[in-house]
């Protein structure tokens, strides 16, 4: 964990680790937008290993930006994904080990453990489960434990049900709007 400092936009920076078992560790550099006892909000430039497509349209790609919401002790994160021109594309949720940090100090954010399964939610509420093949392969190879497999399936099932009921993403995520002080175009 790197301490928060200011970037060229005048926003605080937060760097944290994102781990995908068995040992792929990525240091995530982000703009810290908000930190409370229960939620951390950061913005990051995206560089996925491959573009994410939904109904034949690229909805997440290198050069896009996301505003990520981390909720203390929750087994997911949820991002609002934007094209470089600021167009909102939808939500992307990662299934994770529970997210943890101390108090309202974002610099104590523990490494985030990704459990492969993801959920794309379009602006109209339709959704698609992503990376099931990677999840199955990780289980076969022993990269994730039986407990992590059960946990990830249960979390995904809960997120899908909540999405179907209109209860996910949480209201704070649905109601978030980019402000002029936050980067929207050009990074």
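The values are calculated or read from the model by the stated rules, or taken from the named source; none is laboratory data. Keep in mind that this is a model prediction, so the values were computed, not measured. For neighbour counting, all protein chains shown are included, and Cβ atoms are generated from backbone atoms with ideal geometry for every residue, glycine included.
Every listed requirement among (1) within 18 Å of residue 26 (Cα to Cα); (2) surrounded by 20 or more Cβ atoms within 10 Å (Cβ to Cβ); (3) free of Cβ contacts under 8 Å to residues at least 60 places away in the same chain is met by residue 95 save one, (3). Condition test on residue 77, is it in contact with a strand residue (DSSP E or B) (Cβ under 6 Å, 6 or more places away or on another chain) and either in a strand (DSSP E or B) or on the phi > 0 side of the Ramachandran plot (or both)? Here the answer is yes, as residue 77 does meet what is asked.
Residues of region 150-168 that are in a helix (DSSP H, G or I) and surrounded by 17 or more Cβ atoms within 10 Å (Cβ to Cβ): 151, 152, 155, 156, 159, 163. Taken residue by residue, region 111-131 has no member that is modelled with pLDDT of 95 or more, part of a helix (DSSP H, G or I) and out of contact with any strand residue (DSSP E or B) (no Cβ under 9 Å at 6 or more places or on another chain). Screening the candidates 157, 74, 148 for the property of being touching a residue at least 12 places away in the same chain (Cβ under 8 Å) and either over 21 Å from residue 49 (Cβ atoms) or touching a helix residue (DSSP H, G or I) at 6+ places or on another chain (Cβ under 6 Å) (or both) yields one hit, 74. Scanning region 49-57 turns up one or more residues that are modelled with pLDDT of 95 or more, assigned to a loop (DSSP other than H, G, I, E, B) and under 16 Å from the mean Cα position of the chain (by Cα).
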